[in-house]
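A quick write-up on the structure given underneath.
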Amino acid sequence: MVKTSIVDYIYEKIGHPRKLAAISVEEIINSIKETLANGENIQIVGFGRFNLRKKNERTGRDPATGEEITISARQVLTFKPSRQLKDAVLRRVRNKNKFRCNNNIKP
């Protein structure tokens, strides 16, 4: 799914003009980016949590040369889906697999 798909979904579900849906999606994304850029985590109940996590400096290996290198400390963005999101995805996957299995049964 891409941003325009989200805009189309909102347009179809809510019936707002497409331009208003596009502005809404853009503002939500900007709000998320700005919040994360300020070092804050984001929790969207029923969807998941975006966390900024600090990774310490560590020793690693250059895959091309095998030489030891120092990997600098940095922040990484992680996403942890909520239980509701996980359950919804699993239900969907199970239903698809059930359909495939039943489709292969011969009378």
- [ ] Those residues that are touching a Leu at 6+ places or on another chain (Cβ under 9 Å) and surrounded by 10 or more Cβ atoms within 10 Å (Cβ to Cβ), I need them from segment 51-87; list them, please.
- [x] Asn51, Leu52, Arg53, Gln75, Leu77, Thr78
Open item on the list: Looking only at residues that are among the aliphatic types (A, V, I, L, M) and in contact with a strand residue (DSSP E or B) (Cβ under 7 Å, 6 or more places away or on another chain) in segment 1-50, which one is surrounded by the fewest Cβ atoms within 10 Å (Cβ to Cβ)?
Closed with: Ile32
Task: Inter-residue pairs, beta-carbon under 9 Å, first over 26 Å from Ile32 (Cβ atoms) and in segment 64-82, second small (Gly, Ala, Ser), 6+ apart - done: Glu68/Gly60; Ile69/Gly60; Thr70/Gly60; Ile71/Gly60
Open item on the list: Just checking, does segment 52-60 include any residue being within 23 Å of Lys86 (Cβ to Cβ) and assigned by TED's automatic domain parsing to the domain that holds Ala88?
Closed with: yes
Open item on the list: Given the criteria under 26 Å from Val7 (Cβ atoms) and either at pLDDT 95 or above or assigned by TED's automatic domain parsing to the domain that holds Lys3 (or both), does Thr78 qualify?
Closed with: no
Open item on the list: Among the residues of segment 12-35, are any in contact with a His (Cβ under 8 Å, 6 or more places away or on another chain) and not charged (D, E, K, R)?
Closed with: yes
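The values are calculated or read from the model by the stated rules, or taken from the named source; none is laboratory data. Computed from a prediction, not measured in an experiment: that's the story for all the values here. All Cβ positions, even for glycine, are placed from backbone atoms using ideal geometry, and neighbour counts span all protein chains on display.
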